[in-house]
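Every read-out reported here was derived from the displayed coordinates using simple, explicitly stated rules and does not represent laboratory data. Because the structure is predicted, anything quoted here is derived from the model rather than measured. We place every Cβ from the backbone using ideal geometry, glycine too, and count neighbours over all the protein chains shown.
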Amino acid sequence: MTRSRTAPQRTRPRTGSSWMVLTLACACQFMVILDVSIVNVALPSVQRDLGFTATGLAWVVNGYVLTLAGFMLLGGRAVDLFGPRRMLVAGLLLFSASSLVGGLAGAPEILVGARVAQGVGAAMLAPTTLAVINRHFAEPRTRARAFGAWSASGGVGGMAGALAGGAITTGLSWRWVFLVNVPIGAALIVLAMMALVGARASRRGSLDLVGAVTGTAGLAALIYGVMQSADQGWTSVRVLGPAVAGLLLLVLFTVVEARFATQPMVPLRLFTIRTVAVSNGMLLLFGGIAIAMWYFTSLFMQNALGYSALEAGLGQTPAAVTFVVIARFAANLLPRTGVRPLVLAGSACFLAGFGWLGQAHTSSGYVTNVLGPTLFIAVGIGLTFPTLMAAATADVPEGDAGIIGGLANTATQVGGSVALAVFATAASARAGADAAHADSPAALAAGYDLVFLMAAGIGLAVGIVSLLLPQHRPG
């Protein structure tokens, strides 16, 4: 497949100043990613206060992640139909209101319901921020820098969540982990009304209801089934049932979009643009890289090296800072080098970092066996993530900016969810090879080492797939 040569020229929408628009997009992305990580440290306090069971407590996290990934495509198409201003304001209102309900929750089911609603609000915000950048920043150099700042804001959100969650829970209450979103959301609504004045829908029409139902339900069912695999095993009916149902719904969704929908939610013609198709495939793989880096290195430091949650968060801070710096650096390089060189360099960093990290054990030192390899991996993430996001949303008609943002975010979320389940199963099986010592730090370290080596393989795959990209500079 070749690059489309008929994509229309972008016209800059009548909106507020560039710094206001970029600040708004970055702040919304920061808040979405922050809420993925900030809750984790507060979970023990939540369980004690509200009486959650161990299974129910997992849905404080899963409820948010499931709806965030499942509704992203719908949110992306809604941006194109209703406009970025309406979608950002509506998403911020829902996100803030559900945060207020979660912070005041007096029963487990209320908090889980609030987290589900938060995920829907986040699914409205995430693709809208990409669409805003894609529409407002037309010049390749400024557009690349905007994507670098957007990517860095997500990294800062993940880092701040790990640290702020512990500080807020210790100094105030776990309820403020949710309540802090209310004033932030109110301020962002005001900024959205000012920055996006005059920003309208890029296409007219009605929402593809059949596509919306089958696509959203299919993604949600597939991710739900995958989430259960770590506890239930891949052959369990509770895993296979929803996973198979989700795949069948996604097949039906594809048929509807290709044959019957007059205004499809996801126009399949977008996948004839090679940069879109290949970049989304790499973002699917990248989801596994991100999970291995941020989730499993934290587990390794706590369960194998004996660090506290706060110490593990601090231990990841140098890598998070490195990611932020390199993301901005990559944004400056992208207009000059194009996509492929940066992705290949990132792939080499993944191979070196995860290969090194896969040799760690319970007596490993932080500087030599954790800090060094995670800095390599962070450089790789900084080089690849903003580059892939820029490539995945480039060369598309302006009227499809929202759904393209939804596709890119969905690919990353689905890739991360599947990788988490596969990695957790592999680590558990490796640790359980010696049944008598399955829970020992040494056995757990062996399981995590396997995960890191698998992630190195994914890093190699990212580099190989990047060779399918056309040799041009996006924009």
(message) At a 10 Å Cβ-Cβ cut-off, how would you order SER17, SER99, fewest neighbours first?
(response) SER17, SER99
(request) Just report the Cα centroid separation between the range 135-194 and the range 348-371, whole Å. (result) 30 Å
(request) Going by C-beta contacts inside 10 Å, put ARG336, ARG175, ARG115 in order with the fewest on the left. (result) ARG336, ARG175, ARG115
(request) Send over the per residue convex hull volume for the range 269-475, Cα only, as a whole number of Å³. (result) 107 Å³
(request) Find which of ALA392, GLY313, MET454 sits farthest along the positive direction of the dipole of the range 269-475, computed with +1 on the beta-carbon of Lys and Arg, -1 on that of Asp and Glu, about the Cα centre. (result) ALA392
(request) State, as an integer percentage, the relative contact order of the range 208-264 based on alpha-carbon contacts under 8 Å between residues 6 or more apart. (result) 46 percent
(request) First check a/c for the chain, with a ≥ b ≥ c the square roots of the eigenvalues of its C-alpha gyration tensor; if it is under 1.5, answer rounded, and if not, answer prolate when a/b is larger than b/c or oblate otherwise. (result) rounded
(request) Kindly express, to the nearest 10 degrees and within the range 0 to 90, the angle between helix 18-37's C-alpha long axis and the longest C-alpha principal axis of the chain. (result) 30 degrees
(request) Could you give the size of the charge dipole of the chain about its Cα centre, using +1 on the Cβ of each K and R and -1 on the Cβ of each D and E, expressed in debye and rounded to the nearest 20? (result) 1800 debye
(request) Let me know the volume per residue of the alpha-carbon convex hull for the range 225-317, in Å³. (result) 147 Å³
(request) Would you work out the charge dipole size for the range 15-203 about its Cα centre, treating the Cβ of every Lys and Arg as +1 and the Cβ of every Asp and Glu as -1, and quote it to the nearest 20 debye? (result) 540 debye
(message) Could you work out the relative contact order of the chain? I mean the mean sequence separation of Cα pairs under 8 Å and 6+ apart, divided by the number of residues, in percent.
(response) 24 percent
(request) Can you tell me the relative contact order of the range 269-475? Whole percent, Cα pairs under 8 Å, sequence separation 6 or more. (result) 41 percent
(message) As a test of the formula, what do you get for the chain when each DSSP H run with n ≥ 4 contributes -39,500 (n - 2.57) and the sum is divided by the residue count, at 222 nm and rounded to the nearest 500 deg cm²/dmol?
(response) -25000 deg cm²/dmol
(message) For the pair ARG336/LEU209, report the inter-label distance in nm, with labels modelled 7 Å from Cα in the Cβ direction.
(response) 5.4 nm
(request) Mind sorting GLU257, GLU109 by how few other Cβ atoms lie within 10 Å of their own Cβ, fewest first? (result) GLU109, GLU257
(message) Helix 209-232 against the longest principal axis of the chain: what's the angle in degrees, Cα atoms only, rounded to the nearest 10?
(response) 10 degrees
(message) If you average the C-alpha positions of the range 250-271 and of the range 39-105 separately, how far apart do those two centres end up, in angstrom?
(response) 28 Å
(message) Helix 72-82 against the longest principal axis of the chain: what's the angle in degrees, Cα atoms only, rounded to the nearest 10?
(response) 20 degrees
